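*Asks:* Have a look at this one.
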Amino acid sequence: MTQRELVQKALDMRRYSYAPYSGFRVGAALECADGTVFGGCNVENAAYGSSICAERTALVKAVSEGHRRFVRLAVAGDSADYCWPCGSCRQVMMEFAPEMEVICLNGRGQAKSFRLRELLPYGFDQSWL
Ligand code: THU
């Protein structure tokens, strides 16, 4: 999948967002090393802390189907500004793919790309355990 297609998938995944509390729709698209792509959206809950972000939805879908090697993730919010992954998502992505590229999108579909390590410097990982 080209970067353009991955970005479009993240933008499209916002349509499935369940965000009745925040009203902030987020979509994500995660590309695995073998080329498989998993989509995700945020899924909120009346017990707010039980909500899950779009990035983690995509990642948990992938891991639960046997994928653990990831190369790129695109994330799109409804905001005019870029949608940065929250701290919990950065940590969960770090578990599997510290070198992964993270493509953050703004509402106009413009992209800024980072290595996950740039977004989570000095991240905690399995090397401490
Ligand atoms: N959210 C995501 O899905 N991903 C992010 O990177 C930032 C925040 C969601 C969580 C919640 O449903 C809504 O955005 C507002 O915080």
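*Asks:* ³J(HN,Hα) across region 115-129 via Karplus (A = 6.51, B = -1.76, C = 1.60, θ = phi - 60°), whole Hz, x for Gly/Pro?
*Replies:* 7, 4, 4, 5, 7, 9, x, 6, x, 7, 8, 5, 5, 8, 9
*Asks:* Name the residue from 89, 74, 23 whose Cα lies farthest towards the positive end of the charge dipole of the chain, charges +1 on Cβ of Lys and Arg and -1 on Cβ of Asp and Glu.
*Replies:* 23
*Asks:* What is the magnitude of the charge dipole of region 12-129 about its Cα centre, with +1 placed on the Cβ of each Lys and Arg, -1 on the Cβ of each Asp and Glu, and no other charges, expressed in debye to the nearest 20?
*Replies:* That gives a dipole near 140 debye.
*Asks:* For region 1-41, rounded, prolate or oblate, judged on the Cα gyration tensor with a ≥ b ≥ c (square roots of eigenvalues), a/c < 1.5 rounded, else prolate if a/b > b/c?
*Replies:* Cα axes put region 1-41 in the prolate bin.
*Asks:* Moving on to the next point. Enumerate the residues in region 74-90 having an amide nitrogen under 16 Å from the point lying 7 Å beyond the Cα of residue 12 toward its Cβ.
*Replies:* 74-76
*Asks:* To the nearest 500 deg cm²/dmol, what mean residue ellipticity at 222 nm is calculated for the chain from DSSP H runs of n ≥ 4 alone, each contributing -39,500 (n - 2.57), summed and divided by the residues?
*Replies:* After summing the helix terms and dividing by the residues of the chain, the value is -7500 deg cm²/dmol.
*Asks:* When only alpha-carbon atoms are used, what values of Rg and Dmax, in angstrom, describe region 10-79?
*Replies:* Reported Rg and Dmax, both Å: 12.0, 37.
*Asks:* Assuming a ≥ b ≥ c are the square roots of the Cα gyration tensor eigenvalues, decide whether the chain counts as rounded (a/c under 1.5), prolate (otherwise, with a/b larger than b/c) or oblate.
*Replies:* rounded
Here, each number is a calculation from the coordinates, and none is a lab measurement. Because the structure is a prediction, the values reported are computed rather than measured. Cβ: placed from backbone, ideal geometry, glycine included. Neighbour counts: every protein chain shown.
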